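Structure record follows, encoded as structure tokens.
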Amino acid sequence: MDGTYIANAWFALALVFIVTVAAKVLGSRTPAVEKTTKKLPPPPPEAKAAPLIGVLPAVLSRGLQAVIREQHRELGSVFTLKSLGVAVTFLVGPECSDHFFHGAESEMAIDDVYKFTTPIFGKGVGYDVDLDTRTEQHRFFAKTLRPAKLRGHEYFGKWGECGVVDLKQEMDHMLMLIASRCLLGKEVRENMFDEVSSLLGELLGNTYLVSIFLPYLPTPAHRRRDRARERLHEIFSQIVRARKSSGRVEDDFLQELMDSRYGDGRATTDAEVTGLLMALLLGGQHTSSSTAVWTLVCLLTHPDHLHAVVAEQEQLVVGRHHGSDVAFIDYGLLLQMDVLHRCIKETLRLHPVMSVILRHARTGFTVRTKEGNEYSVPAGRLVASPLVVNNQLPDLYKNPHLFDPDRFAAGRAEAAGNLDYLAFGAGKHACMGEGYAYQQIKVILSHMLRNFDFKLESLFPEPENMLSMRPRGKLTVSYKRRAWLRNMQE
Ligand code: HEM
């Protein structure tokens with residue numbers, strides 16, 4: 001039995017334990033099922049498994065993804081996996097996903113499954129508030145995540161001519177620098193970048209799987225998480241107060257949040273400003289970092305596509321700037337990076353940031369599969385959209401397991417339906433930061449690929465665990481500054 005297996009076993013046991021508790025908690029919030037005389041379709045088919053432990057042994061030995069795929073093949077597009085009294089119904093494919101993504105919040109609730117974010121972002125923001133308030137807060141995001149706010153930055157000077165780096169660590173750092181430039185404000189950038197970075201690291205690093213379902217469990221990790229949030233709140237409140245009292249106005253996201261108003265004219269409070277800032281940072285940093293890492297890894301293992309991306313960079317950026325590697329990358333230029341864009345999109349299809357997204361069905365609903373079978377899913381059920389499977393369906397994607405960015409090129413345009421590609425979710429809770437994420441990843445990869453040749457030193461990574469698809473472990477690449485660029489400049 002190797003270490004990975006043991007880690008997976010513990011992970012799955014923890015998962016089952018917390019899902020059990022969560023199901024009980026969610027169940028207690030489920031409205032009473034109305035009695036109806038109408039005959040309902042049958043419930044979704046269930047995976048065959050031992051009575052109490054259910055699919056646990058299969059998940060432990062083959063992994064959650066493999067089990068979902070097997071049951072999809074065996075039982076069709078709608079099926080239920082059970083373990084220790086907890087049932088999760090999986091919906092596979094666009095035909096079955098409409099209610100999941102477009103159902104009313106009172107029927108298909110996202111709040112119930114994301115409540116764990118409250119001790120991270122703080123009270124009064126995100127999933128701690130009602131949908132109307134949250135929608136208004138998201139409107140503040142939409143206003144501020146404008147493309148023009150992004151700029152490239154100097155980072156690679158310290159890299160020298162050649163070397164070996166931990167790619168995940170470098171990406172995290174670069175994204176934090178972009179955030180400090182675009183979102184956090186000059187006070188943080190100039191005086192407390194290291195402290196704020198490490199506090200954000202504490203906030204995420206002390207959020208474990210158990211935190212998702214039992215966010216207030218009094219563990220040492222949760223106490224560290226809470227202390228980090230309190231200190232961040234203190235830092236940002238001081239900055240907000242200092243700006244207000246001096247009348248100083250900055251051109252950054254923090255200022256935009258301070259100046260935002262709800263529909264009834266109410267200004268955002270200091271606590272809301274801090275919470276929203278943290279929500280955005282935590283929702284956007286790890287996701288973008290993971291995607292940037294996977295994209296580079298996919299390119300380094302697919303030389304044809306790597307060459308196509310580099311050729312596009314040479315033509316668009318270097319050609320235009322006469323070989324200078326300090327090219328100014330503006331928004332217009334980022335939009336023209338079509339080959340790079342497709343490579344990021346295709347990477348996310350194969351390596352979405354989370355393997356499944358969940359909802360809590362507050363009311364029962366009926367779902368009809370592509371084959372015409374109808375099932376009724378009961379109120380109180382946890383419902384899952386498995387992104388890893390949905391993004392690799394053979395009737396939507398040709399050779400779905402291959403890395404083939406050209407599937408999104410004009411002319412081929414696979415998966416054109418609005419529920420066919422789900423890396424950023426869909427419907428009313430679709431990702432608000434998609435455009436921003438593409439831009440920051442492009443800014444970083446464009447600079448790296450124009451200036452360096454890379455070689456993957458580690459093996460192709462596995463995903464971190466069953467839910468988070470971030471690459472697991474340390475990921476080293478070696479780099480060499482590109483000679484042709486130096487020659488052009490001489
Ligand atoms: C490659 C990077 C990213 C990926 C793959 C990604 C993916 C996702 C996914 C799958 C969801 C839907 C979750 C669900 O339905 O349960 C989501 C929601 C969200 N994302 Fe992203 N995200 C990324 C970057 C960002 C960034 C950079 C921001 C902001 C700076 C952001 C802000 C949000 C917000 C606010 C929501 C919640 C929308 C709601 O609940 O209505 N994301 N993201």
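The values are calculated or read from the model by the stated rules, or taken from the named source; none is laboratory data. A quick note: this is a predicted structure, and the numbers were derived from the prediction, not measured. With ideal geometry, Cβ positions are generated from the backbone for all residues, glycine too; neighbour counts draw on all protein chains shown.
Determine whether I110 is modelled with pLDDT of 85 or more, within 14 Å of the ligand (Cβ to nearest atom) and closer than 23 Å to L419 by Cα. Criteria met by I110.
Hey, which of the helices (runs of 4 or more DSSP H) in the stretch 383-490, taking only ones fully inside, have at least 1 residues that are within 16 Å of the ligand (Cβ to nearest atom)?
Filter on the stretch 383-490 gives 387-390, 434-451.
Within the stretch 113-128, the only residue that satisfies the criterion of being out of contact with any Ser or Thr (no Cβ under 6 Å at 6 or more places or on another chain), closer than 20 Å to D264 by Cα and within 12 Å of the ligand (Cβ to nearest atom) is V125.
Among the residues making up the stretch 207-218, a single one is assigned to a helix (DSSP H, G or I) and either touching a Ser or Thr at 6+ places or on another chain (Cβ under 6 Å) or of a type outside the set (A, V, I, L, M, F, W, C) (or both): S211.
With respect to (1) under 17 Å from V273 (Cα atoms); (2) more than 15 Å from the ligand (Cβ to nearest atom), the lone exception for E95 is condition (1). If you go through the stretch 219-247 and keep only what is within 15 Å of V188 (Cβ to Cβ) and not in a helix (DSSP H, G or I), you end up with nothing.
Pairs linking a residue in the stretch 425-440 that is of a type in the set (D, E) to a residue that is modelled with pLDDT of 90 or more and within 6 Å of the ligand (Cβ to nearest atom), with Cβ atoms under 7 Å and 6 or more positions apart or on different chains, are E434/F424.
Quick one: in the stretch 81-95, of everything that is in contact with a Phe, Trp or Tyr (Cβ under 9 Å, 6 or more places away or on another chain) and in contact (Cβ under 8 Å) with a residue 40 or more places away in the chain, which residue is nearest to V367 (Cα to Cα)?
So, considering only residues that are in contact with a Phe, Trp or Tyr (Cβ under 9 Å, 6 or more places away or on another chain) and in contact (Cβ under 8 Å) with a residue 40 or more places away in the chain, the one nearest to V367 (Cα to Cα) is L91.
Here the condition is being among the hydrophobic types (A, V, I, L, M, F, W, C) and under 20 Å from the mean Cα position of the chain (by Cα); of V273, V310, V293, it holds for V293 alone. The set of residues in the stretch 450-464 being closer than 21 Å to S355 by Cβ and either in contact with a Leu (Cβ under 7 Å, 6 or more places away or on another chain) or surrounded by 19 or more Cβ atoms within 10 Å (Cβ to Cβ) (or both) consists of P461, P463.
When E195, E170, E202, E250 are screened for being charged (D, E, K, R), over 22 Å from the mean Cα position of the chain (by Cα) and in a helix (DSSP H, G or I), only E195 passes.
Of all residues in the stretch 85-110 being among the hydroxyl-bearing types (S, T, Y) and over 18 Å from E46 (Cα atoms), which is nearest to the chain's Cα centre (by Cα)?
Only one residue fits best here, namely S97.
Among the helices (runs of 4 or more DSSP H) confined to the stretch 258-369, the ones with at least 1 residues that are within 13 Å of the ligand (Cβ to nearest atom) and among the hydroxyl-bearing types (S, T, Y) are located at 270-300, 338-350. Say we look at the stretch 130-158 and pick out the residues that are among the hydrophobic types (A, V, I, L, M, F, W, C) and within 12 Å of the ligand (Cβ to nearest atom); which of these is modelled with the highest pLDDT? If we take residues in the stretch 130-158 being among the hydrophobic types (A, V, I, L, M, F, W, C) and within 12 Å of the ligand (Cβ to nearest atom), then L131 is modelled with the highest pLDDT.
Using the structure shown, decide if A410 is of a type outside the set (S, T, Y) and within 15 Å of the chain's Cα centre (by Cα). In short, no.
Confirm whether R225 is within 16 Å of G275 (Cβ to Cβ), surrounded by 15 or more Cβ atoms within 10 Å (Cβ to Cβ), at pLDDT 90 or above and touching a Gly at 6+ places or on another chain (Cβ under 8 Å). Answer is no for this residue. With the structure loaded, tell me whether V165 is surrounded by 14 or more Cβ atoms within 10 Å (Cβ to Cβ) and of a type outside the set (F, W, Y) or whether it fails that test. Considered against the rule, which asks whether it is surrounded by 14 or more Cβ atoms within 10 Å (Cβ to Cβ) and of a type outside the set (F, W, Y), V165 comes out as yes.
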